[in-house]
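Below is one structure, written out as structure tokens; the observations come after it.
Bear in mind these aren't lab numbers, they're just calculated from the coordinates by the rules spelled out. Since this is a predicted model, take the numbers as computed values, not measurements. No Cβ is skipped: glycine too gets one built from the backbone with ideal geometry, and neighbour counts run over all protein chains shown.
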Amino acid sequence: MFRPVRGMKDLYGIESSKYEYIRAKAMSVCSRYGYSEISTPMVEYSSVFQRAIGDDTDVVSKEMYTFVDRGGESITLRPEGTAGVIRAVVTESLIQTLPVRLMYCGEMFRYDRPQKGRFRQFRQFGCEHIGEKSPYVDATVIAMAAEILNVIGIFGFEILVNSLGDTETMEAYTKAIVKYFSRHEKSLSPDSQVRLAKNPLRILDSKDQGDREICSMAPIITDYFTKEAGSYFCKVCELLSAYGLNYEINNFLVRGLDYYTHTAFEFKSTAGQFMESIGGGGRYDKLLNMFGGPDVSGVGFAFGIERLMLLLDDERFNVSRRTVAVIPVSDEENDSAFSLFRLLHSNGISAEFIHYGNMGKKMKTASKLKCELALIIGEEEKASDTVTIKFMNTTEPEQKSRSISSNDVAQFVKNILS
């Protein structure tokens with residue numbers, strides 16, 4: 001039997017409705033903040049992600065779907081959205097109109113162990129504000145992300161914030177954590193022992209329980225802030241409070257990608273069936289420059305759509321269409337019934353053409369489809385140019401059916417369904 005690739009699933013029915021709902025609501029909010037949509041390719045040259053995300057991150061070292069194409073080029077299915085958007089800003093010369101505000105929505109791919117809310121093919125909605133470095137922008141982006149969740153109907157979440165500071169901060173902090181983790185090297189996981197030599201900051205992002213216990217006593221970055229970095233972060237927090245947002249400072253929040261500087265943030269679900277991270281982001285100062293663009297900063301975030309879908313009640317999306325069934329009594333009336341079916345569609349009415357089986361089977365099919373009206377054309381109706389309308393969801397005998405002229409049926413149905 002054929003089956004989907006592990007960690008990749010079909011999207012249909014209620015889940016498809018949830019996806020479209022989340023996408024539409026998120027884009028509506030961001031459009032009001034001046035964001036326009038961008039759609040980048042699902043595959044990029046591997047160097048796009050290796051350079052931006054960092055060779056020592058789990059995403060690059062363990063999770064990317066990378067292969068050599070027939071032209072001998074190493075290409076990768078995109079594991080996240082920011083790197084491709086930044087590449088597009090440079091290659092499409094959008095840097096000439098900085099600042100730019102872009103939003104995207106689409107599939108991402110990571111080879112990871114599938115579990116609840118985590119797939120190998122998944123969807124993200126994200127935004128990037130490029131060309132302005134300001135705590136006002138950072139706070140507004142975080143507030144916009146929170147507004148998206150509220151508009152979607154997700155209220156049980158917390159906002160975790162941190163700052164990775166500037167270059168001087170990072171240099172001083174890196175020395176401190178190398179010194180600290182070196183004292184505990186033998187107790188670190190094998191992966192974190194490698195990170196200690198290559199990228200010690202990544203240890204703070206480890207999911208290993210032993211590593212996390214060691215990290216809980218590690219130096220905190222705020223003790224190594226330069227005056228500028230400290231002032232910047234204080235202002236971001238002040239503005240978040242001005243927005244009325246409840247947030248928590250998490251001194252060990254570094255996110256899973258290497259390109260973040262200064263503000264980093266994460267949204268975590270606190271209610272429902274998925275109490276984990278549902279999205280996050282941060283500021284990046286050098287990413288555009290890595291792709292040959294000017295030395296300007298950006299800030300962005302992304303939400304995992306499948307994770308948001310878990311937090312939405314299925315019943316809210318289990319709404320049957322208000323549908324009309326067009327039913328010929330016999331094959332002799334098929335053409336007349338089909339003409340009526342086409343007329344209803346041209347008038348914007350959702351309709352089903354049911355012409356297989358005997359009359360009892362046709363009516364049973366209309367009932368299964370939750371049709372509100374059955375429009376029946378038999379020999380008498382065809383001869384008199386009328387339609388018998390049967391009301392499917394009523395117990396009142398006098399309202400169960402009525403005859404109406406074919407010329408009036410479209411308007412009559414519109415009035416009933418409106």
Using alpha-carbon coordinates, inclination of helix 167-183 to the longest axis of the chain, degrees: 80
Assigned charges on the beta-carbon of Lys, Arg, Asp, Glu; the range 192-302 dipole about Cα centre (debye): 160
Size of charge dipole - the range 322-417 - debye, nearest 20, with Cβ of Lys, Arg +1 and Asp, Glu -1, no other charges: 540
The chain - percent relative contact order, Cα under 8 Å, separation 6 or more: 15
Residue exposure sequence - GLU380, GLU128 - by fewest surrounding Cβ within 10 Å: GLU380, GLU128
Dimensions (Å) - the chain, Cα atoms, principal axes, largest first: 92, 51, 43
Label-point gap, in nm, between ASP55 and ALA383 - each point 7 angstrom along Cα→Cβ: 8.7
Positive dipole terminus of the chain, leading residue within VAL137, SER93, LEU149 (C-beta point charges): LEU149
Qualifying lysines (Cα of each under 29 Å from Cα of LYS62; at least 8 residues distant if same chain): LYS9, LYS116, LYS175, LYS179, LYS186, LYS198, LYS207, LYS268, LYS286
In degrees, nearest ten, helix 334-346 long axis to first principal axis of the chain (Cα): 40
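Please arrange THR91, THR76, THR140 by how many other C-beta atoms lie within 10 Å of their C-beta, fewest to most.
THR91, THR140, THR76
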Surrounding net charge for VAL29, when Lys and Arg each add one and Asp and Glu each subtract one, Cβ distance under 12 Å: +2
Loop-located trypsin sites (Lys or Arg not before Pro) in the range 200-265 whose Cβ has at most 11 other Cβ within 10 Å (DSSP): LYS207
15 Å beta-carbon shell around SER216, net charge (K/R +1, D/E -1): -1
Inter-centroid distance (Cα atoms) of the range 271-288 relative to the range 66-136, Å: 14
Helical contribution to [θ] at 222 nm, DSSP H n ≥ 4, -39,500 (n - 2.57), averaged over the chain, rounded to 500: -11000 deg cm²/dmol
Extension gain, THR226 back to ASN415 (0.36 nm per residue minus Cα-Cα distance, nm): 61.2 nm
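If I take every Cα pair under 8 Å that is 6 or more residues apart in the range 322-417, average their sequence separation and divide by the length, what percent do I get for the relative contact order?
Values: 154 pairs, mean separation 27.6, N = 96.
After rounding, I find 29 percent.
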About the Cα centre, charge dipole magnitude for the chain (Lys/Arg +1, Asp/Glu -1 at Cβ), debye: 640
Simple spin-label estimate for ASN347 and ASN407 in nanometres, 7 Å along Cα-Cβ: 1.3
Taking MET27, MET217 and counting other C-beta atoms within 10 Å, the order from fewest to most: MET217, MET27
Which of MET392, SER403, ALA337, positive extreme of dipole for the range 322-417 (C-beta unit charges): MET392
11 Å beta-carbon shell around PHE317, net charge (K/R +1, D/E -1): -3
Partners for LYS235 among aspartates and glutamates (Cα-Cα distance below 20 Å; same-chain residues under 8 apart left out): GLU132, ASP138, GLU158, ASP166, GLU168, ASP223, GLU248, GLU266, ASP285
Nearest 10 degrees, 0 to 90: helix 359-368 Cα axis against the chain principal axis: 30
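For an R0 of 35 angstrom, estimate the FRET efficiency from the Cβ-Cβ distance between ARG316 and SER216 and round to the nearest 0.05.
Rounded to the nearest 0.05, the efficiency is 0.35.
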